[in-house]
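The values are calculated or read from the model by the stated rules, or taken from the named source; none is laboratory data. Fair warning: this is a prediction, and the values are worked out from it, not measured in the lab. Don't worry about glycine lacking a Cβ; one is built from the backbone with ideal geometry, like all the others, and counts go over all protein chains shown. Heads up: the accessible areas ignore ligands, DNA and RNA and are worked out on the full protein's heavy atoms, side chains in. Shrake-Rupley method; radii C 1.70, N 1.55, O 1.52, S 1.80 Å.
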Amino acid sequence: MTGNPALAIETHELVKVYGETRALDGLDLTVRTGTIHGVLGPNGAGKTTAMKILATLLRPTSGNAQVLGHDVVREAAAVRRRIGLTGQTMALDEDMTGLQNLILAGRLQGLRHRPATARAEQLLEAFELTEVGNRLVKTYSGGQKRRIDVAASMVVTHELLFLDEPTTGLDPRSRSEVWQMIRVLVQDGGTVLLTTQYLDEADQMADDLTLIDHGQVVARGTPAELKTSRADGVLEVLLTDPSRRAEAGTLLARAIGAGVDAESDPSRLLVKIPDADQAARALGELARAGISVEDFTLGQPSLDTVFLALTGHSTLDDTREEEAEVRA
Ligand SMILES: Nc1ncnc2c1ncn2[C@@H]1O[C@H](COP(=O)(O)OP(=O)(O)OP(=O)(O)O)[C@@H](O)[C@H]1O
Ligand SMILES: [Mg+2]
């Protein structure tokens, strides 16, 4: 065993190449022991690839990764013994009941029948699945399946748990149940690495965040640090007439001398702005050009804005943009 015990995960220059695609392109990730660490990034950023390498399900093309002090390639078995994983796609036997799936998960991880059953019942209760526990999983709703899948990764407590988009597709109440379970794990001294597309989830859940794009780290820090790293205020303008957005963007860029980001909403523009006077001047320019403004806000950037500023695209809007391209 090597490495720094304060770090549950440490990667150096991790690269994964699939044919022409560099899914990971020199990823340096560090995760502190005992924390919830969020990995954020748009579709295709490399989140699942990174998680699979760390969980020893994939081999990196180059670079190295230490998980709980063990090299993921040379000491894969040692890593595997100490981690739990919920993947982005389900790992359940749909022809068994939820209860049977959880009991099996416990048995596979060395619990005897009685403790495995007790733990399964406790998890069904915690995830509010008791009522459907004796039904075949194939009859579950998407959200129920997702919850039982996450529950299965929590049957035994692991030092490090990987959760790949644990709450995607869940309704708000189910999401907060999953969050609560995750928090309990960390209270018990565990470490959680989770990927998410939900910025509010990252903001509320994660102690630390790593933003990735194109297989590389674009920013890291606590949610608060990331937000203040873009301490400049942000002026968000909602135009009455979306067809004048390009013109408005040019005017604003000239007035403020800063970059303007076009959001995927065709009437919206974001401008980084040093002070309120500049904001007033910028809005004045628009008025003089006869471009009418429906609404505007001046404020601290949200994590979404930070992400947009760093990567040029929003995490959530990718699919919508792709759909728009298809239609265009
Ligand atoms: N088995 C594979 N063969 C070829 N390319 C792959 C394979 N798996 C992933 N990729 C590509 O690698 C890149 C990173 O994919 P990955 O699944 O890690 O992204 P992600 O960040 O998890 O995205 P999402 O938010 O959609 O889950 C993508 O361009 C993807 O198409
Ligand atoms: Mg993924």
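Structural remarks
- Residues within region 1-20 that are surrounded by 15 or more Cβ atoms within 10 Å (Cβ to Cβ), out of contact with any helix residue (DSSP H, G or I) (no Cβ under 9 Å at 6 or more places or on another chain) and among the hydrophobic types (A, V, I, L, M, F, W, C), tallied: 3
- Condition broken by Asp149, with the remaining ones in (1) closer than 15 Å to Leu92 by Cβ; (2) away from ligand 1 (no atom under 16 Å from the Cβ) satisfied: (2)
- Sole residue being within 16 Å of ligand 2 (Cβ to nearest atom) and touching a residue at least 24 places away in the same chain (Cβ under 8 Å), chosen from Ala50, Ala65: Ala50
- Residue match in region 280-296 (condition: in a strand (DSSP E or B), at pLDDT below 80 and within 29 Å of the chain's Cα centre (by Cα)): no
- Only one of Ala91, Ala23, Ala45 that is touching a residue at least 24 places away in the same chain (Cβ under 8 Å), open to solvent by 80 Å² or more (accessible area, probe 1.4 Å) and within 16 Å of ligand 2 (Cβ to nearest atom): Ala91
- Residue within region 112-123 that is in contact (Cβ under 8 Å) with a residue 60 or more places away in the chain, within 18 Å of Val184 (Cβ to Cβ) and touching a Ser or Thr at 6+ places or on another chain (Cβ under 8 Å) present: no
- When the residues of region 28-42 are filtered to those that are closer than 17 Å to Val79 by Cβ and either of a type outside the set (Val, Ile, Thr) or open to solvent by less than 10 Å² (accessible area, probe 1.4 Å) (or both), the one that is nearest to ligand 1 (Cβ to nearest atom) is Leu29.
- Those residues of region 156-210 which are more than 17 Å from Thr35 (Cα to Cα), open to solvent by less than 10 Å² (accessible area, probe 1.4 Å) and at pLDDT 85 or above, in sequence order: Thr167
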